[in-house]
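What follows is one structure encoded as structure tokens, with my remarks underneath.
The values are calculated or read from the model by the stated rules, or taken from the named source; none is laboratory data. Fair warning: this is a prediction, and the values are worked out from it, not measured in the lab. Neighbour counts are summed over all protein chains in view; Cβ atoms, including those assigned to glycine, are modelled from backbone coordinates with ideal geometry.
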Amino acid sequence: MKIVAISLALMLTAVTGFAVSDQITKIHDLTFVSTLELSVPEPAGLDALLIVHPKDAKSGVEKMSITAVRFPADAVGAGGMSDAELLEYVKTVFLATSRPGTPVERTFLARKVLGEALEKSIPTPARAEVYVVSLKTGAKVVLGFVFAPDFAAQAGQVIAEVAASLRED
């Protein structure tokens with residue numbers, strides 16, 4: 001029975017690309033769990049981290065990426081950038097698009113967050129979802145999920161896992 005279970009788990013991983021056990025990822029004072037095998041977060045600019053799948057994929061050939069850009073409390077809110085401005089900044093600077101998106105809502109840290117779902121063409125055709133997540137400290141983290149069109153179902157599952165499991169450290 002144990003051999004059958006292991007064989008089934010290996011086949012499921014090979015077919016779906018999803019790992020058998022959950023992977024814990026830490027980014028910008030946040031932690032989430034995913035069943036997809038992701039890379040270690042790597043610097044992607046000032047206060048920005050990039051995670052990709054497959055974990056050893058080179059830039060431009062990954063099936064999915066997660067960009068997390070942290071903005072300190074003094075850079076947001078009164079006198080700083082609004083959530084809409086943060087979203088546009090990350091879309092333009094980190095996701096290489098300025099196209100308007102369709103409103104989409106998910107729950108992060110037990111709060112409903114309005115984000116955008118969009119399509120982009122540079123450097124390769126992709127779909128994306130972008131959200132601004134507020135932290136207890138007043139800081140904000142913009143999460144950008146970019147994925148290949150043929151990976152949309154799996155990416156949707158991963159985004160749902162991140163949203164459901166995201167916790168502040």
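Assorted remarks:
- Strands (runs of 3 or more DSSP E) wholly inside region 95-150 containing at least 2 residues that are surrounded by 13 or more Cβ atoms within 10 Å (Cβ to Cβ) and without any contact (Cβ under 8 Å) to a residue 24 or more places away in the chain: 111-120
- Residue count, region 63-81 (criterion: in a loop (DSSP other than H, G, I, E, B) and without any contact (Cβ under 8 Å) to a residue 24 or more places away in the chain): 3
- Scanning region 1-51 for residues that are closer than 21 Å to Glu161 by Cβ, part of a loop (DSSP other than H, G, I, E, B) and at pLDDT 85 or above turns up His28, Asp29, Glu37, Leu38, Ser39, Val40, Pro41.
- Selection status of Glu88, among the acidic types (Asp, Glu) and over 15 Å from the mean Cα position of the chain (by Cα): yes
- Subset of region 72-94 that is over 17 Å from Val133 (Cβ atoms) and of a type outside the set (D, E, K, R) - its residue that is surrounded by the fewest Cβ atoms within 10 Å (Cβ to Cβ): Ala78
- Looking across region 94-116, just one residue is touching a Pro at 6+ places or on another chain (Cβ under 8 Å), at pLDDT 95 or above and among the small types (Gly, Ala, Ser), and that is Gly115.
- Qualifying residue in region 128-145 (condition: farther than 23 Å from Asp47 by Cβ and in contact with a helix residue (DSSP H, G or I) (Cβ under 7 Å, 6 or more places away or on another chain)): no
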